[in-house]
Amino acid sequence: MSSCTPGLPRRGWFSTGLTSASLGSTIGEDHRYARSPGRWPAELDAARRCWRRANVARGKVPGAQRFARVGAKLADPGALVVVAIESAEVVGMAQAEPGRADDGALDPGLCHVSMVFVDPGHWGRGIGGQLLDAIAEAARGRGHQRLQLWTGAANERALRVYHRSGFRKTGRTHRLVTGEPIVHLTREIQCDRRH
């Protein structure tokens, strides 16, 4: 299935919750575009399809219910969503939301990264790290000081991307209902290597 979305620029970034000024310092003046939340449903649908392709490539074919849940998370006006565009198609997406301390009460300084996916045809090109940097910049703009995420303990590709992007394992682990072990990572935003 093609991710080409009519009306998208040939290259760039779309993000909810960012001004073009805050995007410029992270992405570069000639490769960014900002839109208001809820104003770009075609891009969000293309992001959801990118998410699906990346999962299928990893052998984790999502069902219709999960696909719908991801669509709802991406459309949530409180979410931070960043989409990478190349040749007028979505090639990567990331989504984050307010974080919870010890997975309980909301922590105003914490931003939880729930999704980072790159189209398999674009793996290994640094897009994941760029998406994480853009999410960090957006989170900083909302007053967060650190990012957190969980990922599969055996997902070496993701762990390499997160490590290169400044995330460190905290020692916390968990098991999904499927039995898959996952690990917890964090990144301090105020110590961001770009600022």
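Before moving on, here are some points about what is shown:
- Environment charge at Ala68 (Cβ cut-off 15 Å; Lys +1, Arg +1, Asp -1, Glu -1): +4
- Here each label is just a point 7 Å from Cα along the line to Cβ, and for Ile182 and Asp45 those points are 2.9 nm apart.
- Taking other residues whose beta carbon is less than 11 angstrom from the beta carbon of Ala153, and scoring Lys, Arg as +1 and Asp, Glu as -1, yields 0.
- Count Lys and Arg as plus one, Asp and Glu as minus one, and take only other residues whose Cβ is under 11 Å from that of Thr186; the net charge is then +4.
- Two-site label geometry, Ala88 and Arg172: point separation in nm, points 7 Å out along Cα→Cβ: 4.4 nm
- This model, with +1 at the C-beta of Lys and Arg and -1 at the C-beta of Asp and Glu, gives segment 84-195 a dipole about its Cα centre of some 420 debye.
- Each of Leu110, Leu185 was scored by other Cβ atoms within 10 Å of its Cβ. Listed from fewest to most, they are Leu110, Leu185.
Every number in this text was worked out from the coordinates using simple rules, so none of it is lab data. From a predicted model like this one, the values you see are computed outputs, not experimental measurements. No Cβ is skipped: glycine too gets one built from the backbone with ideal geometry, and neighbour counts run over all protein chains shown.
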